[in-house]
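Below: one structure, written as structure tokens.
The values are calculated or read from the model by the stated rules, or taken from the named source; none is laboratory data. This is a predicted model, so every value here is computed, not measured. Every residue, glycine among them, receives a Cβ derived from its backbone with ideal geometry; neighbour counts consider all protein chains shown. Accessible surface areas use protein heavy atoms only, side chains included; no ligands, DNA or RNA. Shrake-Rupley method; radii C 1.70, N 1.55, O 1.52, S 1.80 Å.
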Amino acid sequence: MTILVIEDSRLLRLAIERILIKAGYSVTAVGDGQEGLCRARIVRPEIILLDMMLPMIEGTEVLRQLKKDPCTKSIPVIVLSGLSQRNEKKLVAAGAAAYLEKSRLNLEKDGSGLVDAVKNVSTAYSAPANA
């Protein structure tokens with residue numbers, strides 16, 4: 001499974017990438033919203049991890065464009081944010097498959113929060129529509 005990580009923090013991007021590769025995923029990682037949109041169209045990942053605070057194009061606009069584009073609209077997007085979950089309902093309504101606070105990802109340990117979220121979204125979006 002291929003995952004696209006769109007995260008501007010180089011250290012966080014590398015930590016996420018390391019954890020996901022260790023968990024068996026193929027990862028493409030980029031540092032801004034504009035490059036993220038381009039890579040999503042080229043790579044066509046199974047899941048996108050999207051930070052909200054990005055240079056070039058902010059995360060909410062990236063999410064909007066991903067869900068508007070026929071090539072990327074069916075890709076589940078997991079929103080990563082340092083902000084509290086007060087924006088979760090708005091982002092899910094805009095098309096996010098899940099919302100994760102960065103502080104709950106356990107990146108300094110084993111990354112289990114992140115890996116579990118990816119597994120849950122993957123399972124939910126690969127299940128048959130009539131199940």
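Could you list the residues of region 50-81 with an amide nitrogen less than 14 Å from a label point located 7 Å from the Cα of residue 110 in the Cα-to-C-beta direction?
Zone members listed by number: none at all.
Which of the peptides 5-12, 106-113, 74-81, 46-53 is most tightly packed, and how do the rest follow, judged by the mean count of other Cβ atoms within 10 Å per residue?
Ranking the peptides 5-12, 106-113, 74-81, 46-53 by packing returns 46-53, 74-81, 5-12, 106-113.
Return the Cα extents of region 1-105 along principal axes one, two and three, sorted largest first, each rounded to a whole Å.
That gives 32, 30, 23 Å along the principal axes, largest extent first.
For residue 67, go through the lysines and keep the ones whose alpha-carbon is under 27 Å away, minus same-chain ones fewer than eight residues off.
89, 90, 102, 119
Using the heavy atoms of the protein chains alone and a 1.4 angstrom probe, what is the accessible area of the chain per residue in square angstrom?
54 Å²
Where the centroid of each part is defined by its Cα atoms, how far is region 14-43 from region 94-120 in Å?
What the calculation gives is 14 Å, centre to centre.
Report, for the chain, the % of DSSP beta bridges that are antiparallel, rounded to 5.
Of those bridges, close to 0 percent are antiparallel.
For the residue pair residue 21 and residue 125, what label-to-label distance in nm results when each label sits 7 Å from Cα along the Cα-to-beta-carbon direction?
The two pseudo-label positions are separated by 2.2 nm.
On the accessible surface of the chain, probed at 1.4 Å, how many percent belong to carbon and sulfur atoms?
For the chain, the apolar C and S fraction of the accessible surface comes to 51 percent.
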